[in-house]
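Have a look at the structure below before the remarks.
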Amino acid sequence: MIPYVPVLSSTVSPGQRVLGALLLVALGTACQQPAPSIQSHLKGQVLVDSSADGLDAYRDVRVLVVRPDGRRLDTLGHARPGPDGHFQMSISAPKRGVYALSLWGRGGREQLASTEYVVAPGDTAALRVELPMRGDGLRPVSPENRALQAYRTAMSMHQRLLTRRLRTGAAGANVQVQNIRLTSSVLWRLQDRYPGTYAAEFAAVESLSLLEGWNDSLVVARARQIPSSSPRYVDAAHIARRAEARRHGHRAALTLLDTLEARADNSWQRAGVQAARIQAFLDSAQVEPALSASQQLRARFPNTPWARWARRTEYEATRLQPGMPAPSLTLRTLRGDTLSLRSLRGRPVVLEYYRPGLDLYTLQRPLRNALHDATRADSVAFVSVSIEPDTVVNRAFLQHRRLPGHRAIAADGARDSLVTRYNAVRVPSWVLIDSAGTIVDRYQASGLPALRQSLTQLLQPEQSAPTPLSLP
């Protein structure tokens, strides 16, 4: 190995124009970042094997931490290794979360590798890269990013177990229970191994979503332990509300929401908990109380995404409840085909709404793909709609990410009829439609495990209901 030595190069290959154009915009705006609120640090070394072929690709390397912002990329951190290959960068992000860490060659014109990277207050990460890259790619090391890697490992294990079980169809309820118990326990314990880290707090709520419907007592008990500092505090409230309603009914669920709202840190969280209250009324077919709760939310929290969601409560109550006909949709896929939900009759449809680069979707996408891979294309149709209208951003997101199924873009964003007909204001979300075109249910944020259960029941209607988990 020799240290990376920066040498200018101007060569650009045709297949790299989209990401290259975005990168150049990012480099051009590196000194024009929005006012940051989170600071972290990354340091490391880039080494090049002098005997490798194609050394020109590894000249004038750049290390970048960015986030998409419409057509533009905000550069949160930027470094060029020195003659000895060492580099350091300060990273300024608007909030704690998962961003894109990437390595570029040819003066920032060719992406060599990328990965998700946690930016959190005070975190310092180390990165060592040997070019050409072999094995696992970029592996930044820090408490925050070790927690992220542990989360990925746990979810990869669960993905393999899930895919194997659904493909073979041989595993009974006991095997499914064991798989869920194992993964949820691993995810929950990440808080002890990596206390206070973003990924561990994220994983704790993911463990609740896996247990939902299997061990609702444990779900509620653990939801009460989720700190209000968690990036997914609102998701925990929505999961716990459903679990408590199954255990002790509607009134008990509302009482639990009162407790969780009182613990909330800010107006966004309180609005999210209030949205769970609206959903509780809708699930109980209490339209008038749902509309009243909607009015209260909009009055108390007018400038939140939840307020926009609440404005369509009446439409949701009368058009989007389980057992109702699914609203018609006709869309143009990224392949240029015209597709309608009506044309997919005869098999279940998983209608998915997402936004490229969103933390929650980035981390849950492997489970979504496992669900797709465990079914046949002629038995289930997956239709994904991006609510990001910019085609360049969508292409950049999908260029190195697998998202099988039919894919489309809502040209008018959240105001597009593709989105408003299913009130998909908050993403990711999924709608399961049966073979007759009827809504089975709708799933918000952490609803993938529940979606999997519902889809399994549709595909295997003769199966008896699974046995709930018992308390440990």
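Things worth noting here:
- Criterion applied to THR124, THR168, THR115 was being on the phi < 0 side of the Ramachandran plot, exposed (fewer than 15 other Cβ atoms within 10 Å of the Cβ) and modelled with pLDDT of 90 or more, and the one residue passing it is THR124.
- Residue satisfying all of: in segment 420-462; surrounded by fewer than 19 Cβ atoms within 10 Å (Cβ to Cβ) and closer than 20 Å to LEU211 by Cβ; modelled with the highest pLDDT among these: ASP441
- Contacts under 7 angstrom Cβ, first residue in segment 215-232 being under 18 Å from GLU261 (Cβ atoms) and without any contact (Cβ under 8 Å) to a residue 24 or more places away in the chain, partner acidic (Asp, Glu) and outside any loop (DSSP other than H, G, I, E, B), 6 or more apart: none
- Selection count where residues are farther than 13 Å from GLU352 by Cα and of a type in the set (A, V, I, L, M, F, W, C), scope segment 390-430: 7
- Qualifying residue in segment 397-411 (condition: free of Cβ contacts under 8 Å to residues at least 60 places away in the same chain, crowded, with 20+ Cβ neighbours inside 10 Å, over 30 Å from GLN149 (Cα atoms) and out of contact with any Asp or Glu (no Cβ under 6 Å at 6 or more places or on another chain)): no
- ALA200 vs. criteria modelled with pLDDT of 90 or more and under 21 Å from the mean Cα position of the chain (by Cα): yes
- Cβ pairs under 7 Å, 6+ apart, first in segment 187-198 and within 12 Å of LEU148 (Cβ to Cβ), second of a type in the set (D, E, K, R) and not in a helix (DSSP H, G or I): TYR198/ARG96
The values are calculated or read from the model by the stated rules, or taken from the named source; none is laboratory data. Source: prediction; values computed, not measured. Note: ideal-geometry Cβ built from the backbone for every residue, glycine included; neighbour counts use all protein chains shown.
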